[in-house]
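A short reminder: the numbers here are calculations on the coordinates, not readings from a lab. Since the structure is predicted, the reported quantities are computational estimates derived from the model, not experimental observations. Counting neighbours? That spans all protein chains shown, and the Cβs are built from the backbone with ideal geometry, glycine included.
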Amino acid sequence: MIEIFGTLGPACADTETIENMFHMGMNGMRLNLSHGSLKDSSRMLDAFHTAAEKAGRKAELLIDMQGPELRIGKIKEQEYQKNDPVIFTAAGAEGIPVPDIVLEALEKGDTVLIDDGKVEALVTETGESFAGVIIRGGRIRSRKSIKIVGKDISGPVLTETDLENIADAETYGVTALMQPFVTDGSQLKEVRSALEKAGCGHIRIFAKIENLQGMANLDSIIPEADMIVIARGDLGNDMPLWDLPAAQEYIAGKCRQAHTPFMVVTEMLASMVNRPVPTRAEVSDIFRAVQQGASAVMVTNETAVGIYPAEVIRFLKQTSASAENYIAQRVYAD
């Protein structure tokens, strides 16, 4: 039976809501640690574990690590419009602070994507800081992802905060670790070693495939992973968006060949952040993921900040169950 995952956040931080989500068919939840630690989330995790106990569930807790993904620094939240000027700079200077490795790689004419491509900018001038212009506007907040289109640059496999969270994983009941931007199997070996050193080698490792480099190296990644995650947000930033369905099909096929479980994530029920009912396209997307052989599906913002977290899980569960029933009937008919 397919695993159903939500994401913890302000919209589902209380025991009653999470318990209701379990009753709707949820198997576990993801905690995004891009912006904090397990200790910072202790109150929410207490609610999660209490809800699981009340619902009679042995719940999965997935922690999504910082990993090698590059992020902007701390800034005052601001809305940018198309054609607005923007400055990328080092930490402590005026503008949008970015890691040194990004500044070193930036060149005039580069396209920069912020927050999984929600905001896009073009670099127009270089120097001590880098001036640009907004191509696609949106709200920019602290610690959001940054990517230079066409350039493969990244940070360390595990940050200091990641190692601290691994050390605390057993205490907080973590059952799986999601490693972002996996591009080589050796990275997962490093993660596995860190888990074993911390005394929690039993924790499953979910390898997130988020760029073309990861796709190209699937043969080295799959044997080291307990589950592959088709993370369509950043993956869709690394190719023309219309090629993303083919990329999903390719990764799913590689996983099926290797008999390795895989999960499909990102915008599965995005409209339900603000609406009580999904679009027809969204339920078709979930159905297709299950048809492709997914072992798990997961929602993120839909439950973390959305208005209808329990309803999101209901649609995710029921659509997945419909797909599984269809597959079973086809097999029986054949």
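Some observations on this one:
- Across the range 58-147, the mean sequence separation of Cα contacts (distance under 8 Å, 6 or more residues apart), normalised by length, yields a relative contact order of 36 percent.
- Calculated [θ] (222 nm, deg cm²/dmol) that DSSP helices of n ≥ 4 give over the chain, each run adding -39,500 (n - 2.57): -10500 deg cm²/dmol
- Mean separation of Cα pairs under 8 Å and 6 or more residues apart, divided by the residue count, gives the chain a relative contact order of 19 percent.
- Applying Stokes-Einstein at 4 °C and 1.567 mPa s to the Kirkwood radius of the chain, computed over alpha-carbon pairs, gives a translational diffusion coefficient of 63 µm² s⁻¹.
- Charge tally in the Cβ shell below 12 Å around Ala51, where Lys, Arg are +1 and Asp, Glu are -1, Ala51 excluded: -3
- Size of electric dipole in the chain: Cβ of Lys, Arg +1 and of Asp, Glu -1, about Cα centre, debye, nearest 20: 740
- Beta bridges per DSSP, both residues in the chain: antiparallel share near 40 percent.
- Extension gain for Ile307-Gln329 works out to 4.4 nm (0.36 nm per residue, less the C-alpha to C-alpha distance).
- Taking amide H as placed 1.01 Å from N in the peptide plane, the amide H of Ile205 sits under 5 Å from that of Leu177, Asp226, Met227, each at least 5 places away or on another chain.
- Each Lys or Arg adds one and each Asp or Glu takes one away; over the other residues whose Cβ falls under 14 Å from the Cβ of Cys12, this sums to -3.
- Point-charge dipole on Cβ atoms (K/R +1, D/E -1) for the range 78-148, about Cα centre, debye to 20: 380
- Coupling constants for the range 90-95 follow from the phi torsions by the Karplus curve (6.51 cos²θ - 1.76 cosθ + 1.60, θ = phi - 60°), and in residue order they are 6, 4, x, 9, 6, x Hz; glycine and proline get x.
- Among Gly117, Ile134, Ile87 the positive-end extreme of the charge dipole of the range 78-148 (Cβ point charges): Gly117
- Available extension along the chain between Lys39 and Arg275 is 81.7 nm, counting 0.36 nm per residue and deducting the alpha carbon span.
- Between the range 145-203 and the range 67-137, the Cα center-to-center distance that results, in Å: 26
- Cβ-defined net charge surrounding Lys82, 11 Å radius [Lys, Arg +1; Asp, Glu -1]: -1
- Footprinting exposure proxy ranking of Glu69, Glu324, fewest other C-beta atoms within 10 angstrom first, gives Glu324, Glu69.
- Note on Ser142 and Ala105: the extension gain reaches 11.2 nm, defined as 0.36 nm multiplied by sequence separation minus the Cα-Cα distance.
- Think of each Lys and Arg Cβ as +1 and each Asp and Glu Cβ as -1; about the Cα centre, that makes the dipole of the range 254-307 roughly 200 debye.
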